[in-house]
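Accompanying notes for the structure given below.
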Amino acid sequence: MTLFDKPFDRRTLLQGSATILGAAAASSVPFAGAFGAGFPDGDISVTVPTRAGGGADRNLRAFTGIWKKYLDATFKPDFKPGASGRVGYEFFMGKKEANGQNLLFGNMGPEFLNWVVKPPTFDLADLTYFARVDTDPGAIFVRADSPFKTIDDVVAEGKKRTLNVSTSRLAHPASVGLLALGEHTGAQFNLIPLSGGKNTIAGVVTGEMDLGTLTSGSVAAKGAALRTLLVFNDENVAGDRLNNAPTMNQKYGTSLPPLLSSRAFGIQTSVIKDHPDRFKILNDTIKQVFADPEYKEAVIKAKGIWEYINYGDMDDTAKYLKGIEEVGSKFKPLLTGKPA
Amino acid sequence: MEEVSFQMFAELFFHTLGFWWIIIPAMLLGLIVGAIPGFSAANTIIILLPLTFAMEVEQGVVFMVALYASSRMGAGIPAILVNIPGTAGAAATPLDGYPMARAGLGQQALAMSFVASTAGGLLTTIIALIAMPWLAQVAFFMHSVEMIVVMLFGISLIATIAAKNTLKGLIAGLFGLMIGAVGTDFVYETPRATFGFLELYDGIPLVPALVGLFAISEAFLVIEGESILTRRGKELMDNPSWKASIEGIRMSVKRWWHITWCSLIGLVIGVIPGAGASIASFVAYQQSRSYSKTPELYGTGHPEGLIAPEAANNGVTSGTLVPLMVIGLPGGATAAIMLVVLQFHGVNFGPQLFGERPEIGFGIFMAMAVTYLLMIFTILPLSRYMTKVTIVSTAFMAPVIISFTLVGSFVPREFGFDMALALGFGVLGYIARRTNYHVAAILIGIILGPLLEQFFLRAIRMANGDLTVLFSSRIGNGLWIALVVTIALPYVLDHLRARRRRRETA
């Protein structure tokens, strides 16, 4: 009897498949035990709650490209997009071991606003953003040949008709900025969430949307194709890269807090207590990256704005999140579509 | 800026050809990863990013483009031979490709698929190279309303499938649409039918659905026999020869016009940011069937039913690069990854790119054209020898299909859950086939349903709930008319043919 004429049924098939899969899984076991005893013990896995190819990807690669010099480890981005970052965070907190080898690279602003709108399944105290990488203010922008030359044109038109505004997602600091502008000026805006920065810009460039609101770093990266009209920060530190647009507070005399997106590395809070030595290594080497001139070169080469690179420690991130929580609570009914 | 002329393109062509040492390995790699379910050009480029970052920018571009173009062609191989569409772009390929393979015409089917891929890809790349500024304008006119109608072109295939068994066809299509609605909504991110599974928040992942419905259910079926081939198919495969591949090439060359217009459908859809190969291949299939003289043969191994999606999904490849290069907007996932690499190398996008760095601006399309040209040489050997897969006993074939597809389900998102999901879809597909429900109708609902919902919600939200927005644009209205015509046309033609037959017999 040969294998070709052996009787074969569905049970045998499933057993065969299980054997093949089992063998494949078993073959990876020796590698798992082959790492050394020091830290980092192998690759550093970085969960990114957005898709590959976006702004977070660009920033992470620029940062880890330098960080690996000091940490002597390879960084493996693990993109887990979905539900405005919820999938990535829940995955990180629920399935990644708390050992210092697993990090999260999130955009604190929009993602924390998400939790204000709808809390996660994990306790927020169990997650700590321990190193801020940048602070990127929201901005209002139009395409280069738009009839809106200034924010005054936008506001004037917004008083005549409701303007459609693309945004990455409703729960986003830039969306909050736009709502604040509408509230202050009486202009009518209709926020259209387009799932991600690329789509937000595409909505404006293709002319489907009247204007867009997004992190200004992504807007500046598009160069002359877009024109920035307003920035949600105390000062427009990017200057002519954002068309010397005024800030909302300068223009309207408001006292709006800076509406920043802020990318940061997160870790399970238990790591700080259980592995203080590892946490110290992570922190110390991160600080070395910011001092490295090669990092500045990498940021500028990737069309980033160096002035937005802004290290912050745990206290800074906690302060930032408190501000986001307050702003999010204020605009929660508008962001959820559920009147208070 | 260097003057755009024939001489410049000729120089660029020979310059790009000089990168053969990058193109050929990348092309072979693309064919392999394209043929493995779950792998794609996008995730392979992500894995190889350190390599592309380390390369000179021009070399990196050539490498990525060659891999991208060839992976599309590679994806057709398992779709035809073993009913495994490894990517959504190849989802329409097995509808006619697999019946051909089962009938012992695998060589012809592969040859046709390869000719449609290379000719369609080459043609649309040349058109993109020449007509880039005008093509980029398509993105400025195809907004949500227009995209709703484009989606309906694809979704109307459900009605076509339902024509054979109206009730079961519509039930299958609606079931697919319901499955497609799983996940968080596009505006407020409210979870729907996720049953608490985090893995379903981003909707039903396509690869597990694809491989489950098509490949795993097929594996469950084929183990009931000794071979996937029909009796006639076995006879044909007993004496394989080069003739069969040459016949496949001849059959496709004869249908050059079909390749041309289906690849153009792909090109235009590829230019629109947010659209993609899955939409293009279903729309091309639907269009091909609507205007066919033998629509009733679609789904049984009709050559044009195979050529249409393959030509279209290769047309998309060059299309996605047009908005990337001209306006800096990637037309698809792979183009988005290329954007990261090009930005890393400090490349500025937009019209100025073609003046400042023509070797990148025009070169990206020339690299694609050269890749497609070199791919022509793979047609004969690949179609001749890859087909041998179909003669493998189901005793080996079925477990290998299941193992490969389960691993393939895991790869895109690295969730073990997706493997279980693929098995679940396999059981669903098996039950559907056993009870004569068409799995393709379910799949169309799963793939196109969420896209339709996304564009619909966007259009309605922009119009503050006013449904008349669906008829508010001239292009949209033109597309609505075209949709009605293409749906009604087969019925009108059937009626006319029947009347003619009655007259002739009277």
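The values are calculated or read from the model by the stated rules, or taken from the named source; none is laboratory data. Please read these numbers as outputs of a predicted model, since none were measured by experiment. Cβ sites come from the backbone with ideal geometry, for glycine too, and all protein chains shown count toward neighbours.
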### Candidate set from region A:299-339 (those that are surrounded by 19 or more Cβ atoms within 10 Å (Cβ to Cβ) and among the small types (Gly, Ala, Ser)); member that is farthest from B:Val57 (Cα to Cα)
A:Gly328
#### Entry: Failed criterion for B:Trp134 (all others in (1) within 14 Å of chain A (Cβ to nearest Cβ); (2) out of contact with any helix residue (DSSP H, G or I) (no Cβ under 7 Å at 6 or more places or on another chain); (3) aromatic (Phe, Trp, Tyr) hold)
(1)
### Task
Would you mind stating whether A:Lys273 is free of Cβ contacts under 8 Å to residues at least 60 places away in the same chain and either of a type in the set (Gly, Ala, Ser) or in contact with a Phe, Trp or Tyr (Cβ under 8 Å, 6 or more places away or on another chain) (or both)?
no
#### Entry: In region B:21-58, the residues that are without any contact (Cβ under 8 Å) to a residue 60 or more places away in the chain and of a type in the set (S, T, N, Q)
B:Thr44
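Across region B:317-331, what is the number of residues that are under 16 Å from B:Ala88 (Cα atoms) and touching a Lys or Arg at 6+ places or on another chain (Cβ under 8 Å)?
1
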### Task
Quick one: which helices (runs of 4 or more DSSP H) lie wholly within region B:298-396 and hold at least 1 residues that are aliphatic (A, V, I, L, M) and within 14 Å of another protein chain (Cβ to nearest Cβ)?
B:303-327, B:333-344, B:351-356
## Note on the structure
With criteria (1) more than 14 Å from chain B (Cβ to nearest Cβ); (2) assigned to a helix (DSSP H, G or I); (3) surrounded by fewer than 24 Cβ atoms within 10 Å (Cβ to Cβ), A:Phe148 comes up short on (2)
### Query
Among the residues of region A:157-165, is any surrounded by fewer than 21 Cβ atoms within 10 Å (Cβ to Cβ), within 11 Å of chain B (Cβ to nearest Cβ) and hydroxyl-bearing (Ser, Thr, Tyr)?
yes
### Message
Condition check: within 30 Å of B:Gly315 (Cβ to Cβ), of a type in the set (D, E, K, R) and touching a helix residue (DSSP H, G or I) at 6+ places or on another chain (Cβ under 7 Å). Does B:Arg433 satisfy that?
### Response
no
### Query
Which of the following residues is farther than 24 Å from B:Ile130 by Cβ and surrounded by fewer than 19 Cβ atoms within 10 Å (Cβ to Cβ): B:Ile45, B:Ile24, B:Ile80, B:Ile36?
B:Ile24
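Yes/no per residue for (1) touching a helix residue (DSSP H, G or I) at 6+ places or on another chain (Cβ under 7 Å); (2) crowded, with 23+ Cβ neighbours inside 10 Å; (3) aliphatic (A, V, I, L, M); (4) free of Cβ contacts under 8 Å to residues at least 40 places away in the same chain:
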position	(1), (2), (3), (4)
A:Gly196	no, no, no, no
A:Met209	yes, yes, yes, no
A:Arg227	no, no, no, no
A:Gly239	no, no, no, yes
A:Gly253	no, no, no, yes
A:Pro258	no, no, no, no
#### Entry: Any hit, region B:364-376, residues being in contact with a Cys (Cβ under 9 Å, 6 or more places away or on another chain) and under 30 Å from A:Ser195 (Cα atoms)
no
### Summary
Checked against (1) in a helix (DSSP H, G or I); (2) at pLDDT below 90; (3) out of contact with any Ser or Thr (no Cβ under 7 Å at 6 or more places or on another chain), B:Arg413 satisfies every condition except (1)
### Query
How many residues are in a loop (DSSP other than H, G, I, E, B) and of a type in the set (Ser, Thr, Tyr) if we restrict to region B:416-436?
1
### Task
For region B:143-159, state whether one or more residues are more than 21 Å from the chain's Cα centre (by Cα), aliphatic (A, V, I, L, M), assigned to a helix (DSSP H, G or I) and farther than 29 Å from B:Asp466 by Cβ.
no
### Message
Just the residues that are facing chain B (nearest Cβ under 10 Å) and either surrounded by fewer than 21 Cβ atoms within 10 Å (Cβ to Cβ) or at pLDDT 90 or above (or both), please, taken from region A:171-194.
### Response
A:Asn190, A:Leu191, A:Ile192, A:Pro193, A:Leu194
### Query
Can you name the helices (runs of 4 or more DSSP H) wholly within region B:1-102 that have at least 2 residues being more than 20 Å from B:Phe410 (Cβ to Cβ)?
B:6-17, B:20-35, B:49-54, B:57-81, B:94-100
### Message
Looking only at region B:472-481, count every residue that is in contact (Cβ under 8 Å) with a residue 12 or more places away in the chain and part of a helix (DSSP H, G or I) and tell me the total.
### Response
4
### Summary
Considering region B:265-297, residues that are of a type in the set (A, V, I, L, M, F, W, C) and not in a helix (DSSP H, G or I), and then whichever is farthest from B:Ser318 (Cα to Cα), we arrive at B:Ala275
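Taking the stated definitions as given, is A:Asn244 without any contact (Cβ under 8 Å) to a residue 60 or more places away in the chain, surrounded by fewer than 18 Cβ atoms within 10 Å (Cβ to Cβ) and either in a loop (DSSP other than H, G, I, E, B) or out of contact with any Lys or Arg (no Cβ under 9 Å at 6 or more places or on another chain) (or both)?
It is true that A:Asn244 is without any contact (Cβ under 8 Å) to a residue 60 or more places away in the chain, surrounded by fewer than 18 Cβ atoms within 10 Å (Cβ to Cβ) and either in a loop (DSSP other than H, G, I, E, B) or out of contact with any Lys or Arg (no Cβ under 9 Å at 6 or more places or on another chain) (or both).
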### Query
Among the residues of region B:428-463, which ones are away from chain A (no Cβ under 11 Å) and over 21 Å from the mean Cα position of the chain (by Cα)?
B:Leu428, B:Ile431, B:Ala432, B:Arg433, B:Arg434, B:Thr435, B:Asn436, B:Tyr437, B:Phe456
### Message
What's the number of the only condition in (1) more than 27 Å from A:Glu307 (Cβ to Cβ); (2) not assigned by TED's automatic domain parsing to the domain that holds A:Tyr320 that A:Thr74 fails to meet?
### Response
(2)
### Message
Quick check on my filter: what residues within region A:193-208 are outside any helix (DSSP H, G or I) and either assigned by TED's automatic domain parsing to the domain that holds A:Ser84 or out of contact with any Lys or Arg (no Cβ under 6 Å at 6 or more places or on another chain) (or both)?
### Response
A:Leu194, A:Ser195, A:Gly196, A:Thr206, A:Gly207, A:Glu208
### Query
Quick one: what pairs do we get from region B:196-211, first residue part of a helix (DSSP H, G or I), second of a type in the set (Phe, Trp, Tyr), C-beta under 7 Å, 6+ apart or different chains?
B:Leu198/A:Phe91; B:Glu199/B:Phe415; B:Glu199/B:Phe417; B:Pro208/B:Phe425; B:Ala209/B:Phe425
